[in-house]
Structures are given as C-alpha cells and as structure tokens.
Amino acid sequence: MKQPSRLQYLLFKLYDSLSFRWTRYFIRPYRLWKVMNTIGGTKVGLKVNGECVLTPNTFLGENVNLNGMHIKGKGKVVIGNNFHSGTGCSMITSYHNYEGTKIPYDSTFITKDVIIEDNVWLGDDVIVLGGATIGEGAIIQAGSIVVSSIPKYGIAGGHPAKVFKSRDVAHYEALKAAKLFH
C-alpha cells in the first residue's frame, strides 16, 4: 500500500480538525436545540451527541446522554437520571391493531408507555417496545430487543432481552451514595 504524501497528510489533518470544530460548535448545539424544542420536558445536563428524533410525549431526567435515539409512537416515554444510550437505539410506543376489523391490521393503533428508571445504560442498536419498564441500574446489551420489564440491577441481552446477570448491588449502592455518575 502506498503511503500518502506529506500534502495529503496535511490536508487530511486540516479536514479532520475542521470537521471536529464544525461538529463541536454547530452540529451538537443544533441537535440539543432540536431535542429541547421537541420533547415534553427535561432537567439539567442533557447531552445530545448523535442524531435524535423524539416525541412531545418524552420526558427526560438529569444528566441524560443520547448518542442517537429514535422514539416513535404516541405513547409516553419517561427516562430517569444518568441515562446513557448507545448509537442507533429506538423506542416504539405504538403498534398496529392486528385484532381489529381488517387483516392483517386495521387503521387503529395500540399505544403503551415506556418507563426507564435512573442509571440505565442501553448499548448500541437496542430496541425497547411499548409496555416495557427498565429498572434502576439495569444494563441492556447491544443489539437487544426489550419486550417486557427488566428488574433493578439486571444485565440483559438477546431477542427478546432476558436477564443473564446482575450488578453487584453493594458496589452500585456505594457509587450511588458517593454520587459518582458518568
């Protein structure tokens, strides 16, 4: 493989520097503004690091970090404090009524809320379906689909997501008492 010339290298570094500055000074503030003007409410410390599409029925706690979240449907989404999401995450709160008056579904929708408690971490590409509650301190493995409730401190993954491990509760509570949040 041929090495880039000194000029190509310098042009790449200039482009890299400009794109970082562009993202830092223009794109991130725009994404934050867009989310703040869409959602139903939030507290302090919201960070929007990726492209997000949220609904007016979304309510966010303190220190929420969104790295690319798409929330669809008319259901209410409540996200607690110190939430972190990976890239490509989705929450779907409405689905077609397949038991209606037509096949395969009619024109009505079934709507269910999503509740995510404090200190939850979703890995990349996690899908959370309506009716799910994710308990405090839970971690959801990348690529999982959450279709039902996940208990406190649970570490879950798969299709559908199932708890396969739990956090060390004493360690978690000590970090929480010391207010050591990312």
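The numbers here are math on the coordinates, done by the rules we state, and not lab data. Since the structure is predicted, the reported quantities are computational estimates derived from the model, not experimental observations. We place every Cβ from the backbone using ideal geometry, glycine too, and count neighbours over all the protein chains shown.
Identify which of Pro29, Pro104, Pro160 has the largest mean-square fluctuation in a Gaussian network model of the chain, with springs joining Cα atoms closer than 10 Å. Result: Pro104 has the largest fluctuation of those listed.
For Ile155, the residues 5 or more places off, or on other chains, whose built amide H falls under 5 Å of its own are Ile139, Phe164, Lys165, Ser166, Arg167. Phi-derived couplings, Karplus 6.51 cos²θ - 1.76 cosθ + 1.60 at θ = phi - 60°, listed residue by residue for the stretch 79-86: 10, x, 6, 6, 8, 10, 10, x Hz, with x used for Gly and Pro. With the charge dipole of the chain set up from +1 on Lys and Arg Cβ and -1 on Asp and Glu Cβ about the Cα centre, the Cα lying farthest toward the positive end among the listed residues Tyr30, Tyr153, Leu66 is that of Tyr30. Given DSSP loops and a limit of at most 14 other Cβ atoms within 10 Å, what is the longest stretch of the chain that contains no such trypsin sites (Lys or Arg not before Pro)? Counting at most 14 other Cβ atoms within 10 Å as exposed, the longest clean stretch of the chain is 103-178.
Compare Asn37, Asn97, Asn67 in a GNM of the chain, Cα atoms joined below 10 Å, and give the one with the largest fluctuation. Maximum among the listed residues: Asn97. Could you check which residue among Val163, Val78, Val44 shows the biggest mean-square fluctuation in a GNM of the chain with a 10 Å Cα cutoff? Per the Cα network of the chain with a 10 Å cutoff, Val44 tops the list. Backbone geometry of the stretch 122-134 corresponds, through the Karplus equation with coefficients 6.51, -1.76 and 1.60 at θ = phi - 60°, to 3J(HN,Hα) couplings of 9, x, 4, 6, 7, 10, 10, 9, x, x, 8, 10, 10 Hz, x marking Gly and Pro.
Per-residue Karplus couplings for the stretch 168-179, computed as 6.51 cos²θ - 1.76 cosθ + 1.60 with θ equal to phi - 60°, are listed in order as 6, 4, 4, 5, 4, 5, 5, 5, 5, 5, 7, 6 Hz, Gly and Pro entered as x. Within the set of other residues whose C-beta is less than 12 Å from the C-beta of His96, count the net charge using Lys and Arg as +1 and Asp and Glu as -1. Once all neighbours under 12 Å are counted, the net charge is -1. Across the stretch 127-182, Cα-Cα distances exceeding 16 Å account for 42% of all pairs.
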